[in-house]
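Below: one structure, written as structure tokens.
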Amino acid sequence: MRAQGEDCHPDLRAALEHLLAAGGKRIRPTLGLLVGDLIGGDTPRLVALCAAVELLHTATLVHDDLIDGALLRRGAETLNARWSSAATVLTGDFLFARAAKLAAEVNYLPVMKLFAETLAVIVNGELTQLFSARGVINRENYYQRIYAKTASLFEMTTRASAMVSTEDANVIESMRKFGNELGMAFQIVDDLLDFTGDQSAVGKPLGSDLLQGLVTLPAIYFAEMNPEHPDVRSLAAGGWGDHERMERLVQSIRGSEAVHMAMHEAEQCIERAITHLTPFENCEERTALENLARYVVDRKI
């Protein structure tokens, strides 16, 4: 990933180094490498693929932070906190281009096609959320949003790692499903942490999604159990701009069973994901994948 900054403008190299130094879980490339190792894939191709995935993810974060006006990411200043909007957009574009270059180095056209399709899903999902998701209390809408936002990239990572490691269609499909379930659980837990996490560690006000009119799974469960609650009715009617009312709703959700119900749903996703590993013999790589899956619901920010 660092090598992608060679032979480019010094400020781009500095920006890439800043982004990489900020750290992060690197869960997507870890996932891809473990899947490839489980199946017996070629390490250099897997490394190129997983670096492409992580650079793609990083590029989406650069643009997301600019769109959201976020000043901190992983405890460090975002690029848009340091640079102009134009420079930030161009840096994100550069990262997308370098991610595509790395994906091409895998030298397998179906993976390039999958890479491009996944990026289109992510962008379409962000536009949908931006224009038509505010105040929508609907499970199907939520699942579609978190698939586009998060699970699609998890799914692509595991599927592509399998595609470059085997021609067995059943194995590839099992790995696709594994990544899908893992990604859905990952985003559900992220949405939970928006209500229950440590605000200083999260780096944004608790309940910030709801304050922007974005209804996540804990809020959906609460609304289903309390359809006549005045703050729920206000949210559905476009009242998310009333911060006092929404902050009160956040506290109501935090103190309800909705949080536990959403976590249970994430845990069910993980259990379904692990079932897709059962065709494989018990080995170090399978154990590592199971542990990674369970980490998704056990993690704390």
Filtering region 1-38 down to residues that are among the basic types (K, R), open to solvent by 60 Å² or more (accessible area, probe 1.4 Å) and either assigned to a helix (DSSP H, G or I) or farther than 30 Å from R176 by Cβ (or both) yields R2, R13
How about region 254-301: which of its residues are open to solvent by 30 Å² or more (accessible area, probe 1.4 Å), touching a residue at least 60 places away in the same chain (Cβ under 8 Å) and not in a helix (DSSP H, G or I)?
H276, P279, F280, C283, K300, I301
Please verify whether E167 is modelled with pLDDT under 95 and either within 18 Å of D64 (Cα to Cα) or loosely packed, with under 15 Cβ neighbours inside 10 Å (or both), treating the condition exactly as stated.
no
Leading residue by the ranking (farthest from A52 (Cα to Cα)) among those in region 142-162 that are touching a residue at least 40 places away in the same chain (Cβ under 8 Å) and open to solvent by 30 Å² or more (accessible area, probe 1.4 Å):
Y143
Looking at (1) under 29 Å from H243 (Cβ atoms); (2) more than 17 Å from the chain's Cα centre (by Cα); (3) among the aliphatic types (A, V, I, L, M), can you tell me which one M112 breaks?
(1)
Select, from L72, L20, L109, the only residue that is over 30 Å from F131 (Cα atoms) and at pLDDT below 90.
L20
Over region 80-95, the set of residues open to solvent by less than 10 Å² (accessible area, probe 1.4 Å) and touching a residue at least 60 places away in the same chain (Cβ under 8 Å) is T91, L95
Matching residues, region 215-238, being modelled with pLDDT under 95 and within 27 Å of D65 (Cβ to Cβ):
L235, G238
Here are some conditions: (1) under 30 Å from N282 (Cα atoms); (2) part of a helix (DSSP H, G or I); (3) open to solvent by less than 30 Å² (accessible area, probe 1.4 Å). T60 meets all but one. Which one does it not meet?
(1)
Hey, E181 open to solvent by 20 Å² or more (accessible area, probe 1.4 Å) and either within 15 Å of I27 (Cβ to Cβ) or of a type in the set (S, T, N, Q) (or both) or not:
yes
What are the residues in region 111-133 that are surrounded by 12 or more Cβ atoms within 10 Å (Cβ to Cβ) and either hydroxyl-bearing (S, T, Y) or under 11 Å from A160 (Cα atoms) (or both), if any?
V111, M112, L114, F115, T118, T128
What number of residues within region 26-49 are over 24 Å from A116 (Cβ atoms) and free of Cβ contacts under 8 Å to residues at least 24 places away in the same chain?
1
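The values are calculated or read from the model by the stated rules, or taken from the named source; none is laboratory data. The model shown is predicted, which means the values in this text are computed figures rather than measured ones. Glycine also receives a Cβ, built like all others from the backbone with ideal geometry; neighbour counts cover every protein chain displayed. We work out accessible area using only protein heavy atoms, side chains counted, and drop any ligands, DNA or RNA first. Shrake-Rupley method; radii C 1.70, N 1.55, O 1.52, S 1.80 Å.
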